[in-house]
Amino acid sequence: MKEQPQPPAWAQRFVAWYCKPSLVEDLLGDLNEYFERNVQALGPRRAKLIYIIDALKFFRIYTVRKPTLANLFINRIMLGSYIKTSGRNVMRNKLFSSINIVGLAISMSVGLLLIAFLLDLRSYDRFNQQGERIYRITNVATFKGEQGSGKYASTSLKTGRLIREKVTGVEEVAILRNDFSQDAQVGDRALPLKGFWAEPSVFRIFTFPMLEGNPETALRDPYSIVLTETAARKLFGHESALGRAIKLDTLDYQVTGIMKDLPFFSHIQFEALVSLSTAEQLNRHDQNFEKWTSMFSNSVYLLLPPTADLPAIQSQLDALAREENRAEENTKIQLELLPLYDIVVGENLHSGSMSGSVGPHVPPLVLWLLGGLALVVILSACFNYTNLSIARGMRRFKEVGLRKAIGAEKSQVRYQFLVEAILLSLAALFLSFFLFLLLRPQLIHLAPEIQRMVKLDLTPTMVVAFVVFSVAVGIMAGLVPALFFSNASAIQALKNESARNRTGGPAVPRASWSVQGLRYLTLRATAPTQRLGRRALAVIQYTFTLIFITTTAIGYVQYKNILAFDLGFNTENILNIPMQGHKPDALLKELSEIPEVTGLSRSLIITSVGNAWGGYMKYQDSQDSALVMTNHVDENYLPLHGYQLLAGGNFVTRPTTADGAREVIVNQQFLKRFNISPRDPQKAIGQEVTFSNFKVHGRRMTIVGVMKDFHYGKVDNLIGPVAFMPWTPEDPAIINAKIKSTDLPATLAKIESTWKKIDQVHPFEAEFYDEAIEAAYREFSVLIKIIGFLSFLAISIASMGLFGMVVFTTETRLKEIVIRKVMGASSGSLIYLLSRGFLVLLAVAALIALPVTYLFFENVVLTHFPYHRPVQLVELLFGLLAVVVVAGLIIGSQTLKAARTNPTEVLRGE
């Protein structure tokens with residue numbers, strides 16, 4: 001008959017373990033009864049899952065048995081015994097203990113860094129007293145043509161207004177506009193101020209303590225400004241700033257409040273808040289200021305009641321978005337709620353320059369990736385501990401047998417080995433903490449973004465987390481040895497130890513010293529299943545090690561190829577100087593007189609580094625429109641950067657207003673998109689297109705030139721339609737200076753001194769084009785450095801484990817090695833004898849790791865880089881060669897050391 005499904009045995013034992021004796025019988029009976037019903041109704045698999053959930057669910061205060069005083073006393077005595085025994089065993093095996101402690105310490109230092117990093121990220125915005133009820137609106141935008149579509153942290157002013165008017169169940173709404181950046185002047189003192197345009201409700205939502213002024217009215221009237229404590233001190237010294245006037249541009253603003261400086265772990269950082277009503281007045285003639293699709297400069301925060309119905313509010317937001325999207329042809333927007341505590345770590349935003357993210361943001365995928373890499377390194381050290389413990393553990397079978405012979409239970413044996421592993425892990429914690437202190441500044445200074453994001457300072461919470469982490473690592477490392485030895489019977493353990501004592505080594509048959517006898521000397525004392533388990537762990541460890549090293553090699557080569565990639569124009573020795581609000585004419589005149597400056601041009605943005613600017617274009621009177629990336633440049637821009645014109649020429653006119661810009665130079669993809677004689681660019685000259693964006697609508701423009709395709713965005717973007725328009729004095733400016741100098745620092749000093757003639761308030765901010773491109777891929781560079789560092793740790797830990805196993809193997813096979821040496825075996829043959837098994841395991845690991853790494857890069861990573869270089873064989877074999885070389889040195893040194901041993905000292909007892 002077919003066997004009836006049974007509840008999970010371990011779940012039954014778990015209930016019996018924690019439940020009070022008076023309740024356990026009834027509880028198990030009820031659980032088993034419900035299990036039988038669920039088997040009939042839902043099937044065995046779901047019935048078992050429900051049984052497990054119920055077994056865990058009934059772990060309550062009223063069901064858990066209370067430990068008796070006797071049990072507590074016995075457990076305390078046993079714990080002391082475990083600690084003493086473990087300490088003696090650690091001191092008795094100093095070499096293996098040192099290998100385990102150092103390996104665990106190295107891997108745990110990575111874990112400590114990750115824990116500190118995560119705790120800092122999770123500390124953001126926790127100072128807000130109402131933080132659990134604060135949400136930010138996320139825009140999910142879909143643009144026609146799909147370029148730029150994705151999630152944005154910003155939204156429109158209109159969104160905030162409509163939520164306040166139409167969405168019920170919202171307690172407060174606050175709108176922040178993040179384009180406030182001006183020079184504040186008080187008397188002769190000037191200071192750049194950065195902050196937000198804000199509403200008074202911002203003080204009712206966030207915990208921003210006001211030192212002076214009324215938070216309810218401070219941001220109510222136009223031309224009101226609230227300063228942080230530090231900003232007020234910089235502008236007014238030790239004098240009271242409240243009620244004083246500040247000149248911003250040509251207008252006077254009144255200081256209506258002084259607030260405390262913001263905590264470091266606030267995703268919103270500013271020096272000043274200016275009333276949003278001021279921005280409304282300044283932009284009253286801008287029809288796009290409050291447009292539904294003007295979403296790149298505003299953040300909307302909601303304060304919800306404690307009993308808020310989130311699904312109902314989200315439903316109202318969906319209805320609001322549907323209503324507004326009806327009037328939009330090219331852009332569709334959805335609104336989502338994001339909890340305040342998930343802003344820094346919570347969702348993947350669009351990676352473009354217009355993501356609108358206020359403050360630091362780390363995509364969850366990055367944290368999962370770093371956590372996975374750290375776990376692999378930690379597991380590698382745990383594998384070392386497991387392998388060495390089980391390999392050496394045969395010598396402890398007598399201890400296990402005696403413990404069981406005098407009545408020790410399996411659980412007590414398990415606790416013994418777990419306590420030993422935890423003690424080693426705690427010892428490793430001290431060493432890993434010093435490594436953490438050494439590595440912490442290296443991580444913080446790895447990139448400016450990290451320095452602005454975390455501190456990694458020690459806190460009580462962090463210390464507790466470190467200790468808990470250390471205990472968890474100890475349990476993880478000692479679990480397999482604990483289970484292995486606790487399952488051995490007393491008779492089996494003592495019998496195995498007796499066999500070892502009779503032979504003076506591993507339990508093998510006695511044999512004469514002959515070639516036939518040598519075959520018996522190579523037999524292991526461990527069981528086949530144990531050997532298989534240890535070999536499996538070794539294969540897993542070296543598989544991960546090879547993946548690490550190979551990933552580093554491939555990633556580094558691909559990164560260098562990206563930096564050296566042909567973008568389609570020249571970037572060498574071009575210095576980009578943002579004008580920071582100034583008109584460029586005066587600086588252009590000064591720079592033209594410097595001999596080392598051989599060329600000058602002006603542009604609106606810097607392309608190929610992730611910046612984007614654009615609008616929708618139509619060909620003639622067609623209804624088909626497409627998103628086209630644009631840049632505003634002058635007539636010197638194309639020759640300075642070496643763009644290749646395929647047809648037509650440069651700009652002819654120099655418009656003085658934005659409306660006067662009627663010429664456009666397009667690329668080949670533009671012609672293909674609109675099917676404007678793509679095979680004969682010359683025929684496109686003189687054709688008319690219509691351009692629209694958030695500032696202009698329906699401007700007719702004439703194609704005067706066609707340039708060869710180039711990379712407007714990063715190299716992980718496909719080349720799309722691009723149009724260059726004439727730069728006008730109404731546009732912000734970046735000066736592009738071509739430098740030719742034999743003394744570059746001296747030339748830069750000249751340019752900086754020239755800048756100070758123009759602007760004594762703002763620091764000189766200039767960057768070479770090549771440096772800007774390198775900075776654009778900094779996250780890729782940082783990731784490669786981190787993986788490379790973890791690769792070094794992985795191979796170091798694996799090498800220490802291999803060293804321990806080689807030492808153990810040479811000890812157990814010392815007689816065999818000596819006899820082979822006496823019988824004429826060469827050192828090379830002995831090295832091959834000991835390394836043969838390792839080479840087989842490494843070959844298995846390579847057969848797994850190399851194809852996995854190759855497929856991962858070709859099918860996952862490099863698919864985001866459509867113009868990447870294929871992975872080369874030498875990059876795949878680099879890691880394998882490195883591991884083989886290290887292993888050969890370790891095995892060779894120990895084998896030669898054993899071979900040089902005096903045979904009489906080894907064999908005199910035979």
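Below are the figures for this structure:
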item	result
Environment charge at R177 (Cβ cut-off 12 Å; Lys +1, Arg +1, Asp -1, Glu -1)	-4
Along each principal axis, Cα extent of the chain, largest first, Å	103, 72, 69
Mean ellipticity per residue at 222 nm, deg cm²/dmol - from DSSP H runs of n ≥ 4 across the chain, formula -39500 (n - 2.57)	-16500 deg cm²/dmol
Sorted by Cβ density within 10 Å, fewest first, the residues K695, K48	K695, K48
Mean Cα-pair separation over length for the stretch 597-739, i.e. relative contact order, pairs under 8 Å, 6 or more apart, %	39
Spin-label pair K194/L646, simplified geometry with 7 Å Cα→Cβ offset, distance in nm	4.0
Bridge type composition, the stretch 597-739 - antiparallel percent by DSSP, nearest 5	70
Shape category assigned to the stretch 597-739 from the gyration tensor of Cα positions, a/c cut at 1.5	rounded
Residue pairs, from the table K738/K785; K560/K738; K714/K785, whose Cα atoms sit over 27 Å apart	K738/K785
Simple spin-label estimate for E730 and L563 in nanometres, 7 Å along Cα-Cβ	4.1
Fewest-first sequence of L802, L718, L119 by Cβ atoms within 10 Å of each Cβ	L718, L119, L802
Number of Lys pairs (Cα under 24 Å; 8 or more positions apart or on different chains) in the stretch 132-359	19
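All of the numbers you see were taken from the coordinates with simple rules; none came from a lab. Everything numeric in this text was worked out from a predicted model, so none of it was measured. Note that we place each Cβ from the backbone using ideal geometry, even for glycine, and neighbour counts take in every protein chain shown.
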